[in-house]
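Chemist: Sharing a structure with you now.
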Amino acid sequence: QVLDISWFTESMREGRPVTVESRHHIQVRDFDALEVLAESSEFNENEGRCLAFRRAASVLKSLPSAVRSLGATQGLPCLGEHTEAVIEEILQFGRCFKVEEIQCDERYQALKLFTSVFGVGPKTAEKWYRRGLRSFKEILNEPAIQLNKMQRAGFLYYRDISKTVSKAEAQALRCIIEETVHWIMPDAILALTGGFRRGKEYGHDVDFLVTTPELGREEGLLLHVIDRLQDQGILLYCEHQGTTFDATKLPSCNFEAMDHFEKCFLIVRLYEDQVEGGLQRNPGDSRAWRAIRVDLVVPPVDRYATALLGWTGSRQFVRDLRRFARKERRMLFDNHALYDKTKKMFLSTTTEEDIFVHLGLEYVEPWQRNA
Ligand code: CTP
Ligand code: MN
Ligand code: MN
Ligand code: MN
């Protein structure tokens, strides 16, 4: 069976970003294989190959149905020879030898386990692996290992925060954050971003943008919100980063660079009776609450649109869109601004729609940005 992919290649010809709607009938096994390869490349610091596998996975995800023959992938962009070989093997044997080899690899297993802890990146994971450490128990029993505050929270709440967050739990958190923000400033603007804004049923955290109708009034708001959450006794962990935003700087070309807005990474306590239908629980866990990761970001209101686009994601969608802007439109954008290199000027944006208009693209709804 050969797929009809004409609708797809047409939009890709121009190098437009891949758009994927949140649907439930896509076959996931093939993306999992590519994700293992991407992750393993990341651990081996092969960033280019890692991105190539992730891009290939998102192209496959965007297909209207599962790939059933190699012919079906003919003419698709972004599928390199490595990916083609993996797909061919899976189609022929139902499995991929290289992927299975990686999954059995001791280093891959250890690095995957360690980086699953909040606050532990590939560098720390590698350091622990080189010391001969292989399990959480070994790490926590090693006196020479000094965990920072974030990593301590990561281990302390590991069971809860490695569990998915449901839509109902995200809604409940939205109510809590909304009430807190509006208690302090009734006309503050709050938006749910990240995967939940894209309509996902589950996430690994809950992301919010907070701003104020007038520029400058956002100063001090976040610290006040943090204080108030603390007073409510629901703040389990907080890392606050002040703003380093500089309005004169051109948008960054480096996608991995963090934005400069004031923000905080939190772990918040959510009670059973706050969630419609109750909490998601681990077996045998009878606590009346669970811990959830929350990100709050505070852009100044004139940067709200670019910040909203960036924090809505997906990571891959925004990466593709930025590449499209640079290559096809000679424009740079990041979470802070949109800049036209031909006109040598910043383009003002009030809404996400403005950004798509400036880029000469049709508007892409958040639920179509799941690439
Ligand atoms: N993001 C960002 N700067 C950061 C962290 C995240 O711009 N320092 C963006 C990411 O690129 C992503 C979005 O914010 O597009 C949300 O990030 P994240 O919560 O990690 O991912 P989600 O898409 O929400 O998925 P998940 O369900 O795993 O949380
Ligand atoms: Mn998220
Ligand atoms: Mn994530
Ligand atoms: Mn997040």
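Any read-out appearing in this document is the output of simple, stated calculations on the displayed coordinates, not a laboratory observation. Note that the structure is predicted; figures quoted are calculated from it, not measured. Please note: Cβ atoms are built from the backbone with ideal geometry, for glycine as well, and neighbour counts cover all protein chains shown.
Chemist: Based on alpha-carbon positions alone, could you give the equivalent ellipsoid semi-axes of the chain from the gyration tensor, as √(5λ), descending, whole Å?
Modeler: One finds semi-axes of 33, 30, 20 Å for the chain.
Chemist: Quick one: net charge around TRP183, please, counting Lys, Arg +1 and Asp, Glu -1 for every other residue with C-beta under 11 Å from its C-beta.
Modeler: Every neighbour counted, the sum reads -2.
Chemist: Using only the alpha-carbon atoms, what does region 272-337 span along each of its principal axes? Please give whole angstrom values in decreasing order.
Modeler: In descending order, the Cα extents are 56, 26, 16 Å.
Chemist: Given R₀ = 45 Å, FRET efficiency for TYR363-GLU88 by Cβ-Cβ distance, to 0.05?
Modeler: On the way: r = 37 Å, r/R0 = 0.83.
Efficiency computed from Cβ-Cβ geometry: 0.75.
Chemist: Across region 357-369, in residue order, what do the Karplus-derived ³J(HN,Hα) couplings come to in whole Hz, using 6.51 cos²θ - 1.76 cosθ + 1.60 with θ = phi - 60° and x for Gly and Pro?
Modeler: Coupling constants for region 357-369: 4, 4, 7, x, 10, 5, 4, 10, 5, x, 6, 9, 9 Hz.
Chemist: Under 37 °C and 0.692 mPa s, how fast does region 165-307 diffuse according to Stokes-Einstein, given a Kirkwood radius computed over C-alpha pairs? Answer in µm²/s, whole number. All intermediate terms of the calculation are to be shown ahead of the outcome.
Modeler: Numbers: Rh = 16.1 Å.
Estimated diffusion coefficient is 204 µm²/s.
Chemist: For a footprinting-style exposure proxy, rank MET258, MET331 by other Cβ within 10 Å, fewest first.
Modeler: By the 10 Å Cβ count, ascending, the order reads MET258, MET331.
Chemist: Report, in listed order, any pair from LYS127/LYS149; LYS61/LYS263; LYS61/LYS163 with a Cα-Cα distance greater than 27 Å.
Modeler: Working: LYS127/LYS149 18 Å; LYS61/LYS263 32 Å; LYS61/LYS163 24 Å.
Beyond 27 Å between Cα atoms: LYS61/LYS263.
Chemist: So between ASP340 and GLU100, what do we pick up on full extension, going 0.36 nm a residue minus the alpha carbon distance?
Modeler: Stretched fully, the ASP340-GLU100 segment lengthens by 81.8 nm.
Chemist: Out of PHE333, GLY360, THR349, whose Cα points farthest toward the positive end of the dipole of region 315-371 (charges: +1 Lys, Arg; -1 Asp, Glu; placed on Cβ)?
Modeler: Farthest towards the positive end: PHE333.
Chemist: Between VAL357, VAL297, VAL225, where does the largest GNM mean-square fluctuation fall for the chain, given springs only between Cα atoms within less than 10 Å?
Modeler: Among VAL357, VAL297, VAL225, the largest GNM mean-square fluctuation belongs to VAL357.
Chemist: At 222 nm, what helix-only mean residue ellipticity would the chain give, in deg cm²/dmol to the nearest 500, using -39500 (n - 2.57) for each DSSP H run of four or more?
Modeler: Per the formula, -12500 deg cm²/dmol.
Chemist: On to the next question. What does the charge dipole of the chain about its Cα centre add up to, to the nearest 20 debye, if the Cβ of each Lys and Arg holds +1 and the Cβ of each Asp and Glu holds -1?
Modeler: Result for the chain is approximately 720 debye, rounded to the nearest 20.
Chemist: Computed FRET efficiency, Cβ-Cβ of THR244 and GLU328, R0 35 Å: what is it to the nearest 0.05?
Modeler: About 0.70, to the nearest 0.05.
Chemist: I've got another one for you. Taking the chain as a Gaussian network, where each spring joins two C-alpha atoms under 10 Å apart, which residue of ASP320, ASP246, ASP227 fluctuates the most?
Modeler: Highest fluctuation among the options: ASP246.
Chemist: Taking 0.36 nm per intervening residue step and subtracting the Cα-Cα distance, what contour gain separates PHE155 from ASP302 on full extension?
Modeler: So the chain would gain 49.1 nm between PHE155 and ASP302.
Chemist: Residue by residue through region 47-54, what is 3J(HN,Hα) from phi via Karplus (6.51 cos²θ - 1.76 cosθ + 1.60, θ = phi - 60°)? Round to whole Hz and write x for glycine and proline.
Modeler: Residue by residue, region 47-54 yields 5, x, 5, 4, 4, 4, 5, 5 Hz.
Chemist: Show me the ranking of peptides 61-74, 197-210 by mean Cβ neighbours inside 10 Å, starting with the highest.
Modeler: Going from most to least packed, we get 197-210, 61-74.
Chemist: Among GLN146, GLN280, GLN103, which one shows the highest mean-square fluctuation when the chain is modelled as a Gaussian network with alpha-carbon springs under 10 Å?
Modeler: Comparing GLN146, GLN280, GLN103 in the GNM, the peak value goes to GLN146.
Chemist: Fewest Cβ neighbours within 10 Å first, please rank GLU84, GLU169 accordingly.
Modeler: GLU84, GLU169
Chemist: OK, next. Give the cross-link partners of LYS98 among the aspartates and glutamates, using a straight C-alpha distance below 12 Å as the criterion and excluding same-chain residues fewer than 8 apart.
Modeler: Qualifying aspartates and glutamates at Cα under 12 Å: GLU89.
Chemist: If you average the sequence gap of Cα pairs under 8 Å that are 6 or more apart and divide by the length of the chain, what percent do you get for the contact order?
Modeler: RCO, the chain: 18 percent.
Chemist: For GLU214, what is the net charge nearby, where nearby means another residue's Cβ is under 15 Å from its Cβ and Lys, Arg count +1, Asp, Glu -1?
Modeler: -2
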